[in-house]
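A quick write-up on the structure given underneath.
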Amino acid sequence: MVRTLALALAVAVGFAAAPAYAASPEAEDIVAKSEITLKRVLRDQENGPRVRDLMKRAKGVMIFPNIIKGAFFIGGEGGSGVLMARYANDAWSYPAFYTMGSVSFGLQIGGQSSEAVLLVMTQNGVDAILNDQVKLGADLSAAAGPVGAGAEASTTTAGGADIYVYSLNQGLFVGASLEGAVVARRNDWNEGYYGKPVTPIGIVRENKAQNPDADPLRAQVEALN
């Protein structure tokens, strides 16, 4: 049982160190897929209009192109993605790389692949993600993104969440959500993608690293201002 749990944790969170030479190609793939995921979410008839509206006020955005969930009594989910944040002049930062993962317990069946866009609505949310790993639902409040009638009111009240989650799912999964997921930095990918040691704060807040391969993604996000 202990060995099974350890394996589930490793698969779900995906924190195993990757070789430095492999970091850049994988990071490039995540950036390209993040652009596709954002386009898909924006085209979605239910989610798209609200994402467009909320992005005008969002302080940051995280995009996870492929969150894998699989469960049989011990469930897990995990994937890699990017964080971008808005500057004072409404330009958007280059992406910093993160993993997100969790393990859950209980009677669960099936498997699911999700694409998720997490809209970070508060500066506290952006700062917390930049400064340390965070747990959704504990360190930061997270909720399913509102849609439809009444959505505007639910996002402007004092009790609004730090993060709103919009996802596109494929396959069957019963019993798990992003509640309790841990978001942590992928320093190996940040170094590989930008060609030098650099922290998420250096990328997102201080603009100390640039990679023109990410310009199409940044342009897509900035077009939503």
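A few remarks follow.
- Selected residue (criterion: nearest to Asp127 (Cα to Cα)) from residues of the range 177-200 that are charged (D, E, K, R) and part of a loop (DSSP other than H, G, I, E, B): Arg186
- For the range 201-225, residues that are surrounded by fewer than 16 Cβ atoms within 10 Å (Cβ to Cβ) and not in a helix (DSSP H, G or I) total 6.
- Residues of the range 92-120 satisfying the condition of being modelled with pLDDT of 95 or more and touching a helix residue (DSSP H, G or I) at 6+ places or on another chain (Cβ under 7 Å): Trp92, Ser93, Tyr94, Pro95, Ala96, Phe97, Leu119, Val120
- Against the list (1) modelled with pLDDT of 70 or more; (2) surrounded by 22 or more Cβ atoms within 10 Å (Cβ to Cβ), the condition Glu77 fails is (1).
The values are calculated or read from the model by the stated rules, or taken from the named source; none is laboratory data. Bear in mind the structure is a predicted one, so any value in this text is a computation, not a measurement. Glycine gets a Cβ as well: all are built from the backbone with ideal geometry, and neighbour counts include every protein chain shown.
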